[in-house]
Each structure stands twice: as C-alpha cells, then as structure tokens.
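Notes follow the structure.
The values are calculated or read from the model by the stated rules, or taken from the named source; none is laboratory data. Remember, it's a predicted structure, so these values are computed and weren't measured experimentally. Please note: Cβ atoms are built from the backbone with ideal geometry, for glycine as well, and neighbour counts cover all protein chains shown. Note: areas computed on protein heavy atoms with side chains; ligands, DNA, RNA excluded. Shrake-Rupley method; radii C 1.70, N 1.55, O 1.52, S 1.80 Å.
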Amino acid sequence: MRHQILSVSAVILAGGKGRRMGGVDKGLQLLYGQPLFLHAAKRLPLQVESVAINANRHHGEYAQAGYAVFGDELADYQGPLSGILTALSHTQSDYLLFVPCDSPFFPMDLLERLSKPCQRANALISYAHDGERAHPTFCLVSRKVLEPLRQYLASGERRLLQFFESQNAVAVDFHDAANAFVNLNTLNDLQAQNARSEYF
C-alpha cells in the first residue's frame, strides 16, 4: 500500500575519528577551498526541510555555517549508527536522510529515489547501492526504528548493514550514478580531487 512521507530532514554524518585521514576532522578538510561538509550541505536544501550536522569535535566551526550541530549520545566514536541513533532520538520528522561528509558528489535526486520504496512498500529504511557495492551511509531512515536501533547498539553490535537487514531495508539501484558515491577517505584522495578542476 502506498503511503506519503510527511516530512524529511537531513543529517550529514561527520562524527568519525578520521583514522584514514590521520585523525583530522574529516568534515572540515578543504575541497576547492570549502570544508567537505559544506559541499554535502549545499546539495541538500532542495531535497529536504532542514539540514543538521552530526559531529563529535569542533562544534563551533560547524555551527558557524548556520547549521544545527549535535554529537553522539554514545561515547567513544561508535560509528555511524551512533550518529543515526542520536538524530532519530531528536527529530520530529517522519524520516531522516543521512549522507556522509566525505562524499560530496551524491545525486541531486538522492531523496526522491530513496523515498520510492518507503512510499510503495512501507519500507522503514532504504539505502544506496551502485550495482557493485552498498553505500549504507546514504540512507533514508524512519523514526520508527529508533527503539530497535537503541536495542541493537545496547547489545554491542555496530554493523550498519546488519541492522538495516534486520529491519528489511531496501537497497536502491544507483548503478547509473556510481561515480556520485566516490568517497574522499584519505588526504591523498582529497589532494587528488583538489587537483581536478571540477566535480565528477
């Protein structure tokens, strides 16, 4: 049965340790002269009602851009599900659209495509798949999974896809936009992209 998603907000996940970038705050590293998280933020306003940042360091620097910023409820950098849990516990929206801070080229129709299974099949979670691999941090998540997620994390589990599968999440085909999910995970990745004159 089809149903309408009444409200969607977005959260940029920037709460990690940045291990593969030498421990720097990944979202604040510069791409084309602007922090990585800002590139993601600029692609979201046309898709959602509001945008917030999940960060566990340098809240003031993120807030200077005019976005709400929140840290994980759980201590010790416990992965993206920790940020998702905190966001779901504070949102008034029906669904939250999550994107990582280090993939600044994601599709402008990300929400439209992720929302279709939620409308058609009452799915509580959908996430991007490029035809070869899953990109679960690009996901649309219903507020209804808050308590199952809280219980999952309390059990000691942290695996993102495993939780999604437990909630019958739907993988959405983005094989036509595989380059859009390129992720700038290391300083070398960032340096190489800065050497290019334009986006993919």
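Given Cβ point charges of +1 (Lys, Arg) and -1 (Asp, Glu) and nothing else, what value in debye, to the nearest 20, does the dipole of region 27-94 about its Cα centre take?
300
On the full set of protein chains, 1.4 Å probe, figure out the accessible area of Tyr32 and give it in Å² to the nearest 10.
The accessible area of Tyr32 comes to roughly 80 Å².
Would you check the accessible area of Ile125, probe 1.4 Å, heavy atoms only, in square angstrom rounded to 10?
0
For the chain, take the longest principal axis of its alpha carbons; what is the angle in degrees between that and the long axis of helix 110-120, to the nearest 10 within 0 to 90?
It works out to around 10 degrees.
Using alpha carbon centroids, what distance separates region 31-66 and region 76-113, in Å?
Taking the Cα centre of each part, region 31-66 and region 76-113 sit 12 Å apart.
Per residue and in cubic angstrom, what volume does the convex hull of the Cα atoms of region 82-129 have?
100
Counting only pairs 8 or more residues apart or on different chains, how many lysine pairs in the chain have their Cα atoms under 24 Å apart?
Here the count comes out as 5.
Tell me, what is the percent relative contact order of the chain, built from C-alpha pairs under 8 Å that lie six or more residues apart?
25
Rounded to the nearest 10 Å², what accessible area does Arg120 have for a 1.4 Å probe in the complete protein model?
Result for Arg120: roughly 140 Å² accessible.
Rounded to the nearest 500, what is the chain's calculated 222 nm mean residue ellipticity when only DSSP H runs of at least 4 contribute -39500 (n - 2.57) each, over all residues?
Mean residue ellipticity, 222 nm, calculated: -8000 deg cm²/dmol.
Gaussian network model of the chain, Cα springs within a sub-10 Å range: biggest mean-square fluctuation belongs to which of Phe98, Phe163, Phe174?
Sorting by GNM fluctuation, first place goes to Phe163.
Let's test the formula: R0 of 41 Å, r as the Cβ-Cβ distance of Leu6 and Ala178. What FRET efficiency results, to the nearest 0.05?
Efficiency at R0 = 41 Å is approximately 0.85.
Starting from 0.36 nm per residue, how many nanometres of slack lie between His59 and Tyr77 once their C-alpha separation is accounted for?
Full extension from His59 to Tyr77 adds 5.0 nm.
Which value, in Å², gives the accessible area per residue of the chain when a 1.4 Å probe is used on the protein heavy atoms?
Dividing the accessible area of the chain by its residue count gives 48 Å².
Mind checking which of Ser93, Leu111, Ser9 is farthest towards the positive end of the chain's charge dipole, using Cβ charges of +1 (Lys, Arg) and -1 (Asp, Glu) about the Cα centre?
Ser93
Taking a ≥ b ≥ c as the square roots of the eigenvalues of the Cα gyration tensor of region 38-113, is the shape rounded (a/c under 1.5), prolate (a/b larger than b/c) or oblate?
Since a/c reaches 1.5 and a/b is larger than b/c, the shape of region 38-113 is classed as prolate.
Can you tell me the dipole magnitude for the chain around its Cα centre, using point charges on the Cβ only (Lys, Arg +1; Asp, Glu -1), in Debye to the nearest 20?
120
So how much slack lies between Glu165 and Glu112, counting 0.36 nm per residue of separation and subtracting their Cα-Cα distance, in nm?
Full-extension gain reported as 16.9 nm.
Could you list the square roots of 5 times each eigenvalue of the Cα gyration tensor of region 1-136, that is, the equivalent ellipsoid semi-axes, sorted largest first and rounded to whole Å?
Ellipsoid half-lengths, sorted descending, are 25, 16, 15 Å.
In the P(r) worked out for region 123-189, what percent of Cα pairs fall beyond 20 Å?
Summing the P(r) of region 123-189 above 20 Å gives 37 percent of all pairs.
How much length, in nm to one decimal, is gained on full extension between Gln92 and Leu46, taken as 0.36 nm per residue of separation minus their Cα-Cα distance?
Taking 0.36 nm per residue and subtracting the Cα distance, the gain is 14.7 nm.
Which percent, nearest 5, of DSSP beta bridges in the chain are antiparallel?
Within the chain, antiparallel bridges account for around 40 percent of the total.
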